[in-house]
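Report on one structure; see the data block that follows.
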Amino acid sequence: MSQLFYLKECSSTNDEISKFLLYEDSDFTGLHTFNQTKGRGQYGNVWTQTAGKNLAYTLAVNSQNILCSDFIFNYYTAILIRDFLAKLADNDVKIKWPNDIILKGKKIVGILIEKKKINQNNYFIIGAGINILQEKFEAISNAGSLLTQTGKQFNLEDLALQLHEFLSEKLKNIPGDQEILEGFNKNLFRKDEISVFEIEKERQNGIIRKADEQGELWIELEDGMRSFYHKEVKLLY
């Protein structure tokens, strides 16, 4: 069963979603708001949004029938959100490892996936903050929105409903690990391009070669290939 709820304002849709998981068969329960006041990003980062301009959306997915690893599930979620936005934007959309979404060089989506046990059921809690109509990002130079990157105006409510229906349907049948891994790497931001990284507070040139099934990013540096977990390396762009 798939349901989508709305709050006029909330601190974090990931935190509030548990209040809406009322039924045993709540396999795909969504919550969205256009005014999230205390959004959270990956690894304690803050995800700030302008009220009435952007979408904060969370989908709780019952994990009992999901057989893939957490890393592969994270990759697949990023692929799905990328695919959804690529069709909307009619443009090339990339995934910045591990799961930011980049449109024409600017971050337009941050994703936070958590695992929680609620009412005796285990869930993947997928949170996505999507910049849609915001035009100015003074504090974050590498951020953008669907509007700034495409020039198109989108209806927030329509987009939220379409996203919920798309994710709920696609997550019913998850492909094999190899197909997901290939899809993720196919759309990996700055793959096989010379880029600048910050590693242990020093800047180095390197080339992203792949993300692997363990959640690590492999980068070819001047002294050879190295793998990194998130927060061990920062891509500067």
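The values are calculated or read from the model by the stated rules, or taken from the named source; none is laboratory data. Keep in mind the model is a prediction, meaning the values are calculated, not measured. We place every Cβ from the backbone using ideal geometry, glycine too, and count neighbours over all the protein chains shown. Note: areas computed on protein heavy atoms with side chains; ligands, DNA, RNA excluded. Shrake-Rupley method; radii C 1.70, N 1.55, O 1.52, S 1.80 Å.
If we keep just the residues of the stretch 44-69 that are modelled with pLDDT of 95 or more and surrounded by fewer than 22 Cβ atoms within 10 Å (Cβ to Cβ), which is nearest to GLN214 (Cα to Cα)?
Quick first cut of the stretch 44-69, residues modelled with pLDDT of 95 or more only: 54-61, 68-69.
Remaining after also requiring surrounded by fewer than 22 Cβ atoms within 10 Å (Cβ to Cβ): 68-69.
Numbers: CYS68: 12, SER69: 9 Å.
Filtering first and then ranking leaves SER69.
Tally up the residues in the stretch 203-234 that are without any contact (Cβ under 8 Å) to a residue 24 or more places away in the chain, open to solvent by 70 Å² or more (accessible area, probe 1.4 Å), under 22 Å from ASP70 (Cα atoms) and not in a strand (DSSP E or B), please.
Total satisfying the criteria: 1.
Would it be correct to say that GLU200 is more than 21 Å from TYR6 (Cβ to Cβ) and open to solvent by 40 Å² or more (accessible area, probe 1.4 Å)?
On the way: more than 21 Å from TYR6 (Cβ to Cβ): yes; open to solvent by 40 Å² or more (accessible area, probe 1.4 Å): yes.
When the stated conditions are applied, GLU200 passes them.
Given the condition in a helix (DSSP H, G or I) and surrounded by 12 or more Cβ atoms within 10 Å (Cβ to Cβ), answer yes or no: does some residue in the stretch 127-137 qualify?
Keep residues of the stretch 127-137 that are in a helix (DSSP H, G or I), which gives none.
No, because not a single residue in the stretch 127-137 is in a helix (DSSP H, G or I) and surrounded by 12 or more Cβ atoms within 10 Å (Cβ to Cβ).
Just wondering, is there one or more residues in the stretch 155-171 that are open to solvent by 40 Å² or more (accessible area, probe 1.4 Å), in contact with a helix residue (DSSP H, G or I) (Cβ under 7 Å, 6 or more places away or on another chain) and not in a helix (DSSP H, G or I)? Reasoning before the result, please.
Step one: filter the stretch 155-171 for residues open to solvent by 40 Å² or more (accessible area, probe 1.4 Å), giving 155, 157-158, 161-162, 165-166, 169-170.
Next, only the ones that are in contact with a helix residue (DSSP H, G or I) (Cβ under 7 Å, 6 or more places away or on another chain) stay: 166, 170.
Right, trim to not in a helix (DSSP H, G or I) and you get none.
Checked against the condition, which is being open to solvent by 40 Å² or more (accessible area, probe 1.4 Å), in contact with a helix residue (DSSP H, G or I) (Cβ under 7 Å, 6 or more places away or on another chain) and not in a helix (DSSP H, G or I), the stretch 155-171 yields no hits at all.
Could you list all residues from the stretch 106-118 that are surrounded by fewer than 19 Cβ atoms within 10 Å (Cβ to Cβ) and out of contact with any helix residue (DSSP H, G or I) (no Cβ under 8 Å at 6 or more places or on another chain)? Walk me through how you get there before you give the answer.
Applying the first criterion (surrounded by fewer than 19 Cβ atoms within 10 Å (Cβ to Cβ)) to the stretch 106-118 yields 106, 114-118.
Matches in the stretch 106-118: LYS117 only.
Could you go through the stretch 78-91 and let me know if any residue there is part of a strand (DSSP E or B) and either at pLDDT 95 or above or of a type in the set (A, V, I, L, M, F, W, C) (or both).
Filtering the stretch 78-91 down to residues part of a strand (DSSP E or B) leaves none.
There is no residue in the stretch 78-91 that is part of a strand (DSSP E or B) and either at pLDDT 95 or above or of a type in the set (A, V, I, L, M, F, W, C) (or both).
Looking for whichever is touching a Phe, Trp or Tyr at 6+ places or on another chain (Cβ under 7 Å) and not basic (Lys, Arg) here; the options are SER168, SER145. Which one fits?
Values: SER145 fails: touching a Phe, Trp or Tyr at 6+ places or on another chain (Cβ under 7 Å).
Only one candidate passes the filter, namely SER168.
I'd like the full set of residues that are open to solvent by less than 80 Å² (accessible area, probe 1.4 Å) and of a type in the set (A, V, I, L, M), limited to the stretch 172-197.
ILE174, ILE180, LEU181, LEU188, VAL196
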